[in-house]
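Read-outs: derived from the displayed coordinates by stated rules, not from any lab. Owing to the predicted nature of the structure, the values given are computational and were not obtained by experimental measurement. We place every Cβ from the backbone using ideal geometry, glycine too, and count neighbours over all the protein chains shown.
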Amino acid sequence: MQASEAQKEAVRDVQSDNRNGQSDSFDDQLYRHLIALICREGQPDSLKRARDRFEANYIRHILELHAWRINETADALGINRVHLWKRMKQLGFHKRSES
């Protein structure tokens, strides 16, 4: 998965903060920077829409880490595969076709 320019900018910001003595964990800092970047792109989403966007990106990332193998992905997410399939359908996911 390719990182967007906003994600790359957030990582650079966090790395800069770390060099300047910020003590929060890298994940916490990255999360705050990503939220700030999302809000800069326009009006903030409703909480439900923001949560759905985060969940879709997170699930997609974990799916890609596990080569779209549903059982492995569900195990990694701590949910059962039926729930993962249902959530993928709700979020508009389609299994990648093998090329």
Quickly work out the ARG51-to-ARG81 label distance, labels modelled 7 Å from Cα along the C-beta direction, and quote it in nm with one decimal.
2.8 nm
Which distance in nm do the two modelled labels at LYS89 and ARG69 give, with both placed 7 Å along the Cα-to-Cβ direction?
2.4 nm
Remind me, what semi-axes does the stretch 48-99 give for its equivalent ellipsoid, largest first in whole Å, using sqrt of 5 times each Cα gyration tensor eigenvalue?
17, 13, 10
For HIS61 and ALA36, what is the calculated FRET efficiency with R₀ set at 22 Å and r taken between the beta-carbons, to the nearest 0.05?
0.65
